[in-house]
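S.K.: Have a look at this one before I ask anything.
The values are calculated or read from the model by the stated rules, or taken from the named source; none is laboratory data. The shown structure was predicted, so the numbers you read here are calculated from the model rather than taken from an experiment. Cβ atoms come from the backbone with ideal geometry, glycine included; neighbour counts cover every protein chain shown. Please note that ligands, DNA and RNA were not included when accessible areas were found on the heavy atoms of the full protein model with its side chains. Shrake-Rupley method; radii C 1.70, N 1.55, O 1.52, S 1.80 Å.
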Amino acid sequence: MEEKIELRAYGDPSLPVLVYLPGLHGDWTLIGGFRAAVAGRVHFVEMTYPRTLTWSLDDYAAAIEDELSKLGITQGWLLGESFGSQPMWKLIVRGKFHVNGAVLAGGFVRYPAQRFMRWLELIAGQVPSFLFVKVIFGYARFARYRYRRSPETLKTLDEFLARRRDRQDREAAQHRLRLVGENDSRATAMTTQVPIFGLTGILDPIVPWPPVRRWLKRNCPALRDYKIVRRADHNVLNTGTTESARWILEWMESVKT
């Protein structure tokens, strides 16, 4: 099966472009609430990554560039969610897609807890299938409550859970964890002239935001703003949808292109 990025675009193409780069789960199944919140204000592009076990982060970036080009999209904003922040930095370096601004949503430059990352990668490959399925079904019950005010997300929750039960999906996620552990984009963040913004939920056990924010403020001259969304967690775009959408739209309007 061909390994390729799948794209879906919403809204008037004449509006400012906002490209969503999903997190470790690698698809668009949890972004529906945020997409609805920015509808009519941006041309929103979302994607699903292939279940590749061989791509580098540069391969991700090149594939994203190619698929955007096929849609006639050559410039816009990048919204890097968690893992998505890693190909985001590569896109900035490569320069084929002109980045007007970039937002880290629970994202980072270099993952701030490397030992935890190596442990997580190991665990991801060792969990028995029957136990993983039990965890998934437990998450399903929690997620239906968590996203009860987001009908757009609830519509795709079954698809999200079905994808997670696939062995290839788990292996692809483990590969992405390995890429995160190996990547270091600090040199890019220190020298880029692309306006950078940060957004995180106050309760984020996956990517601890204090060291991320501290490093950016000290070392990234292009950092314009960094907001902490209360009552949101790692999935800040969907657990803090209204506030996240408001900040991102304000940032996009504040940067003249």
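S.K.: Among (1) in contact (Cβ under 8 Å) with a residue 40 or more places away in the chain; (2) open to solvent by 10 Å² or more (accessible area, probe 1.4 Å); (3) not basic (Lys, Arg), which single condition is Ala62 missing?
M.R.: Of (1) in contact (Cβ under 8 Å) with a residue 40 or more places away in the chain; (2) open to solvent by 10 Å² or more (accessible area, probe 1.4 Å); (3) not basic (Lys, Arg), only one is false for Ala62: (1).
S.K.: Exactly one of these conditions fails for Lys70: (1) within 19 Å of Ala245 (Cα to Cα); (2) open to solvent by 30 Å² or more (accessible area, probe 1.4 Å); (3) of a type in the set (D, E, K, R). Give me its number.
M.R.: Only one criterion in (1) within 19 Å of Ala245 (Cα to Cα); (2) open to solvent by 30 Å² or more (accessible area, probe 1.4 Å); (3) of a type in the set (D, E, K, R) is unmet by Lys70, namely (1).
S.K.: Only one of Ile64, Ile73, Ile31 is among the hydrophobic types (A, V, I, L, M, F, W, C) and in contact with an Asp or Glu (Cβ under 8 Å, 6 or more places away or on another chain). Can you tell me which?
M.R.: After applying the criteria, what remains is Ile31.
S.K.: Which numbered condition in (1) among the charged types (D, E, K, R); (2) part of a loop (DSSP other than H, G, I, E, B); (3) crowded, with 17+ Cβ neighbours inside 10 Å; (4) free of Cβ contacts under 8 Å to residues at least 24 places away in the same chain is the only one that Arg148 fails?
M.R.: Looking at each condition in turn, Arg148 falls short on (3).
S.K.: Of (1) out of contact with any helix residue (DSSP H, G or I) (no Cβ under 7 Å at 6 or more places or on another chain); (2) of a type outside the set (Lys, Arg); (3) more than 25 Å from Pro112 (Cα to Cα), Thr29 satisfies all except one. Which?
M.R.: The one condition Thr29 does not meet is (1).
S.K.: Separate question: Out of everything in segment 221-256 that is surrounded by fewer than 16 Cβ atoms within 10 Å (Cβ to Cβ) and part of a helix (DSSP H, G or I), what residue ends up being modelled with the lowest pLDDT?
M.R.: Thr242
S.K.: Name the residue, out of Arg218, Arg214, Arg178, that is in contact (Cβ under 8 Å) with a residue 24 or more places away in the chain, assigned to a helix (DSSP H, G or I), charged (D, E, K, R) and surrounded by fewer than 21 Cβ atoms within 10 Å (Cβ to Cβ).
M.R.: Of the residues listed, the single one that is in contact (Cβ under 8 Å) with a residue 24 or more places away in the chain, assigned to a helix (DSSP H, G or I), charged (D, E, K, R) and surrounded by fewer than 21 Cβ atoms within 10 Å (Cβ to Cβ) is Arg178.
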